Amino acid sequence: MISDVSLNSLIASLVIGAPQWMVPTAIVAVALVIVVVWSYSKAGRGWPLLASALKLTAIVALSICLLEPLFSGTRPKPGANAVALLVDNSESMTVRPDSTNELKAALHGETAWQVRLAQDFDLRRYAFDSQLRNVDTFNRLRFDGLSSSLQTALQMVNRRLERRPTAGIVLFTDGNGTELDTSELVAGESKNSIPIYPVLLSKVDASCDLRIDQVNVTQTNFEAAPTTIDVTVIADQCDPGAAVVGRLVSLNHDDDEKKDKAEPKVVLTEKKTLASDKMELAFRFRFRPDRTGLNFYRFETFFENEEASYEKGEARSELTLRNNVRSIVVDRGGGPYRVLYVAGRPNWEFKFLRRALDADDEIALTGLLRIARKEPKFAFRDQGGLVDKNRLFEGFDNKDEQDVEGYDQPVLVRLGVETEEELRDGFPKTAEELFSYDAVMLDDLEAKFFKPDQMVLLRRFVSERGGGLIMLGGQEAFVEGSYDRTPIGELLPVYTSKRTYEEDSKIGPTMRWSLTREGMLQPWARSRSTDVAERRVHEEMPDFLAVNRVPETKPGASVLATVTDGAENSAPALVTQRFGKGRTAALTVADMWRWSLRREKQEQDELAQHWRQLTRWLVADVPRNVEVQLSPYVPSRPMSIEVTVRDKEFNTLDNARVSLKVTTPTQDELQIDANATERSGVYAASYSPKDDGCYKVVATAIAEDGSLVGTREAGWAAEPATVEFESLVPNRKRLEQIASESGGELVEIDELDAFVRTLPNRKVPVTEPWIYPLWHHPSVFGFAVLCLCGEWGIRRWRGLP
């Protein structure tokens, strides 16, 4: 509503031009009034009274003219003050044809309100969508912008006009900006901000609309369905009983397959029925992605009876289909993840573990098995005397003396090594060698197997490198392995001291496996997706006979599984905890292989699934030498890409050369160099996406000596229409906020002419004085003469003296 400021301004500017004539004028006027009253006092009432009133009125009017009354005030100096017209050129302005036509008619260059503004002000015209630009006329606006950077546009206009006297900004928008942060919509600080006058389009009625509100992606190490996508769809003003379809489509295609030849593949479909005209629909898709690394999907929603129209891109019952689609990026990580398995003796556990992990292409298992302990040095009837080398290996393969195994060294077998030098000297002795693995498994191995430096190195592997560590049960594990008061014992989630645990925790001889309440909440610890099916698996599991008993679990550790004997005595079986940047676990059952041997259905190997899920959990959050972090996607703003580079010992690496390869939704590739930042080992670059869809970036780091440090990929979905069409009705609340915070006012579009007329009388930076002599106006004298003529006519007509 436009405030009535004109009348108040006029009254406040009324002044007397000849104040020196005030006393003489008053004396003469009083004298004349006395004479007129005396002359008509004997003529009676009625017509004589009217004649006297007319004459007195004429005397007062002429007396006022003697004082020279003036209207004096200020007005905007023509052309000295700027007024900015800021128009939203985004697609959301065309959702409703009636409102679009109304807006185009109001913005036509020949409209009266624009002509009036150009007469009094320096008129500046701007249009904005993703960027702000000057325009000469609004007649050529197409309203096809992919985003609406309302906050940025206001800030830029304020900066452009901050040194220019400005009366205000007239804003034409629906108030639905695409910035994520709308807490500060007024440009600049409040003391310097320009008054903003948002123009509200005519009230429109709500129409049926389906829109995607939220998308959440959850990933677990549950093998059957490791990815869950939850989508919330809002149906507004739609017919109850209508069937709504939610469809998940895969956009993945082979690298050698052209995008235009790749047909989208429907992964899952769900159908919901509307119970009311406005409600939220929750769609949940649980599935296993068809490949590791980055996966791209698209969620679509539409009415079941309008599927044919939707496929053609035609909206029947809805105003637009732009908010019915959402792209989704699922990052399953990139392997292979390297796992080091170290065992004190050959056992069946390694057989089933290796068989299970061979089925996972993302896990590379390397084994180090001790097949014989180190032997004491002795000489018995030996002419050569006491020697270091083992006589059993003499004469084989013509080995050099230094290559023949010694008595004081264990006999180790390496399995799955990548090079001849890997693990040649046994368990890694340097950080460079150990940190090349993502997880370590210790099976039936005593603490004396490790040297003190190797124990400290393993502790650093977990706490600093962020690796995973698990100890499996066995004859020389946990308490039996004498790990108490060692760096490895500190890593474990259970205590390993030799206290009176034999008396306090008697259990056996047979034990049953069961998950705790906390274990049931961990998808990777389960074999089935439902609680009923999971309990059935536990019932079918065989009895276990070998369990390492531990005194107790450490504070902060989580007991995910227990074993219970026939007397209901229980002991922890699977315990986990966080340690520094990594994680550790303890599996106290030493004969897990029985689970696979005695399974009823040969086609379902729950033990193999258990090993794969457990190993995936161990390596899930392990940092790599090259890590990529992406800023949240904000329409019309460039993506910030940060790459963290670490050397082989996982120290931050400076002076590296980092290149980024960005693949667009159209499969175009662009090379970008990342520059070093103030933070050690961190390199940054920015990229502005132009097309809607999914983007992939591959970071490659090259060390200063030219060696490859590593590569890493990441991705994001760019969809400005998601926010642009979040609401199809003008956001009145946001427009009112803009007006109140800037000192402006909300203007209805049909009141533009009235607003323009009152704008010169508002607070304007540059003004000029103006004076209007009221006494010099012919109408004043004409009024006085008319009153005198009226008085003379009455006297003649009624025969008064």
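The values are calculated or read from the model by the stated rules, or taken from the named source; none is laboratory data. Quantities reported herein were computed from a predicted structural model and do not represent experimental measurements. All Cβ positions, even for glycine, are placed from backbone atoms using ideal geometry, and neighbour counts span all protein chains on display. In case anyone asks, the SASA skips ligands and DNA or RNA and just uses the protein heavy atoms, side chains included. Shrake-Rupley method; radii C 1.70, N 1.55, O 1.52, S 1.80 Å.
Brief remarks follow.
- All positions within the range 115-137 that are outside any helix (DSSP H, G or I) and open to solvent by less than 10 Å² (accessible area, probe 1.4 Å): F121, Y126, A127, F128
- Residues being in a loop (DSSP other than H, G, I, E, B) and either under 30 Å from E745 (Cβ atoms) or out of contact with any strand residue (DSSP E or B) (no Cβ under 6 Å at 6 or more places or on another chain) (or both) - total across the range 192-225: 17
- Matching residues, the range 324-348, being open to solvent by 10 Å² or more (accessible area, probe 1.4 Å) and part of a helix (DSSP H, G or I): W348
Quick grid of which residues meet (1) buried (at least 16 other Cβ atoms within 10 Å of the Cβ); (2) among the charged types (D, E, K, R); (3) outside any strand (DSSP E or B):
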| position | (1), (2), (3) |
| --- | --- |
| M22 | no, no, yes |
| A26 | no, no, yes |
| L32 | yes, no, yes |
| V37 | no, no, yes |
| L50 | no, no, yes |
| S63 | yes, no, yes |
| L70 | yes, no, no |
| G73 | yes, no, no |
| A84 | yes, no, no |
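- Residue within the range 241-248 that is assigned to a loop (DSSP other than H, G, I, E, B) and modelled with pLDDT of 90 or more present: yes
- Flag set for A561, criterion: part of a strand (DSSP E or B), among the small types (G, A, S), touching a helix residue (DSSP H, G or I) at 6+ places or on another chain (Cβ under 7 Å) and buried (at least 18 other Cβ atoms within 10 Å of the Cβ).
- Any hit, the range 567-577, residues being of a type in the set (V, I, T) and not in a helix (DSSP H, G or I): yes
A quick yes/no check of all residues on (1) among the hydroxyl-bearing types (S, T, Y); (2) more than 15 Å from A242 (Cβ to Cβ):
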position	(1), (2)
K272	no, no
K278	no, no
R286	no, yes
D290	no, yes
T301	yes, no
E306	no, no
S309	yes, no
R316	no, no
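- The single residue among A567, A585, A571, A590 that is open to solvent by less than 40 Å² (accessible area, probe 1.4 Å) and more than 28 Å from V456 (Cβ to Cβ) turns out to be A571.
- Flag if S497 is small (G, A, S) and either in a loop (DSSP other than H, G, I, E, B) or touching a Phe, Trp or Tyr at 6+ places or on another chain (Cβ under 7 Å) (or both): yes
- For L708: the one exception among (1) open to solvent by less than 20 Å² (accessible area, probe 1.4 Å); (2) under 30 Å from S463 (Cα atoms); (3) of a type in the set (A, V, I, L, M, F, W, C): (1)
- The range 518-527, subset open to solvent by 60 Å² or more (accessible area, probe 1.4 Å) and not in a helix (DSSP H, G or I), residue farthest from S596 (Cα to Cα): L521
- Where R159 falls short, out of the listed (1) part of a loop (DSSP other than H, G, I, E, B); (2) among the basic types (K, R); (3) at pLDDT 75 or above: (1)
- Only a single criterion out of (1) in contact with a Lys or Arg (Cβ under 6 Å, 6 or more places away or on another chain); (2) of a type in the set (G, A, S); (3) open to solvent by 60 Å² or more (accessible area, probe 1.4 Å) is not satisfied by A112, namely (1).
- Residue check, R583 free of Cβ contacts under 8 Å to residues at least 40 places away in the same chain, more than 16 Å from V698 (Cα to Cα), among the basic types (K, R) and not in a helix (DSSP H, G or I): no
- Positions within the range 264-316 being assigned to a strand (DSSP E or B) and among the small types (G, A, S), in sequence order: A282
- Residue in the range 638-648 that is at pLDDT 95 or above, at negative phi, surrounded by fewer than 16 Cβ atoms within 10 Å (Cβ to Cβ) and touching a Ser or Thr at 6+ places or on another chain (Cβ under 8 Å) present: yes
- Boolean, N176 is at pLDDT 85 or above, not aromatic (F, W, Y) and not in a strand (DSSP E or B): no
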